[in-house]
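To start, the structure under review is shown below, and the notes come after it.
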Amino acid sequence: MRDPPVSTTSPLTRSTPSAVTLSQLQRLEAESIHIFRETASEGERPVLLFSGGKDSVVMLHLAAKAFWPAPIPFPVLHVDTGHNFPEVLDFRDRTVERLHIRLKVASVQDYIDDGRLAERPDGTRNQLQTVPLLDAITEGRHDVVYGGARRDEEKARAKERIISLRDEFGQWDPRNQRPELWSLYNTRHRPGEHVRVFPLSNWTELDIWSYITEKGIDLPSLYYAHERDVVSRDGMWLAVGEHVTPREGESVETRTVRYRTVGDMSCTGAVESPAATAQDVLAEVMTSTLTERGATRADDRVSEAAMEDRKREGYF
């Protein structure tokens, strides 16, 4: 019996299919989609926090890709302070209508009207969102809550992992975080607790704008250059309107500005910019040395630990 032929080609030199190389954005997109699929399958009543801001818009876009061709299998929740930019609210409503998703709104104004919350002396409402948020999570029995926070935004957010366990009071303990080895995400929790999930945790502002540019994602118009009446306060340009009026010594100016982040009109500053397209904004972000929250959010300047204090109380 003849012996079988012996190969003279070393296994190390045999031709193999070329490895697929993913770009930075493709890796981030794949990770976020994986997070959505893994955690949604483990949750009973997930919900996605959607403000109409750029991060939540990208997060919603990724959720739609994760479950396509099926619809997004959970509602979106917006905590409405009553001081939101009209452009953002209009965009929010158009987006949920286009995607045929259910919108749940928790209104800070309702809590003020019935006495459950009181207006702050400084007139801002961002810090009043925590109670309506936690109540909405409890009433909806939401056990998995998706948020658009990124680690590069602020040092307290840099401490938090992709899965953030919240106790029965919605509080976060930075000393009680679970390991996330090999992209395994533990969403287990006791009755009354829930987990916050941050699919964009490893993204940066530059990644967000690169993705928006590459995918042609629509955003509220205030993210791009436009003329607006503003006053200079605490090193920021605040939009003049119902919720911000000039103080003694402040003068109203018309400037060409855009917004890097979206929050209360009373605490979110604009930056002077001629950037009228996503490509223009991307070029600006490439040269920026300050995060968007560090440059334009007055509520983060209350103290060095302002964000961490709020997160401990149940904030986003």
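The values are calculated or read from the model by the stated rules, or taken from the named source; none is laboratory data. All figures in this text were calculated on a predicted structure; none of them were measured in a lab. Quick reminder, even Gly has a Cβ in these numbers, built from the backbone with ideal geometry, and neighbours come from all protein chains shown. Remember, those area values only see protein heavy atoms, side chains included, never the ligands or the DNA or RNA. Shrake-Rupley method; radii C 1.70, N 1.55, O 1.52, S 1.80 Å.
Quick look at the values:
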| quantity | calculated |
| --- | --- |
| Full-extension gain in nm, E180 to T277, via 0.36 nm per residue minus C-alpha separation | 31.2 nm |
| Summed residue charge, Cβ within 15 Å of R190's Cβ, Lys/Arg positive, Asp/Glu negative | -3 |
| CD proxy at 222 nm, helix term only [per DSSP H run n ≥ 4: -39500 (n - 2.57); per residue of the chain; nearest 500] | -9500 deg cm²/dmol |
| √(5λ) per eigenvalue of the Cα gyration tensor, the chain, largest first, Å | 40, 26, 18 |
| Sulfur and carbon atoms: percent of accessible area, the range 220-301 [1.4 Å] | 48 |
| FRET E, pair E193, R116, Förster distance 22 Å, beta-carbon r, rounded to 0.05 | 0.45 |
| Area of M286 that stays accessible when all protein chains are in place (1.4 Å probe, Å², to 10) | 120 |
| Chain lengthening between T245 and T138 when straightened (0.36 nm per residue, less Cα-Cα) | 34.9 nm |
| Charge dipole (debye, nearest 20) of the range 220-301; +1 at Cβ of Lys and Arg, -1 at Cβ of Asp and Glu | 160 |
| Alpha-carbon radius of gyration plus Dmax, which is the widest Cα pair, for the range 16-88 in Å | 15.5, 60 |
| Accessible area per residue in Å² at 1.4 Å probe, computed on the range 123-200 | 47 |
| Cα-centred dipole magnitude for the chain, charges only on beta-carbon of K, R (+1) and D, E (-1), debye, nearest 20 | 1280 |
| Taking only Cα atoms of the range 106-147, radius of gyration then Dmax in Å | 11.5, 34 |
| Selection of trypsin sites (Lys or Arg not before Pro), the range 175-278, meeting DSSP coil and at most 14 other Cβ within 10 Å | R175, R188, R247 |
| Cut-off 13 Å between beta-carbons: net charge of the residues surrounding E272, Lys and Arg +1, Asp and Glu -1 | +1 |
| Dimensions (Å) - the range 220-301, Cα atoms, principal axes, largest first | 38, 26, 20 |
| Descending semi-axes in Å of the range 94-193, equivalent ellipsoid built from Cα gyration tensor | 27, 19, 16 |
| Å² per residue, accessible surface of the range 49-96 at 1.4 Å | 32 |
| Considering only the chain, percent of DSSP beta bridges that pair antiparallel, nearest 5 | 60 |
| Options H189, I208, A276, ranked by Cα towards positive dipole end of the chain, top entry (Cβ charges) | H189 |
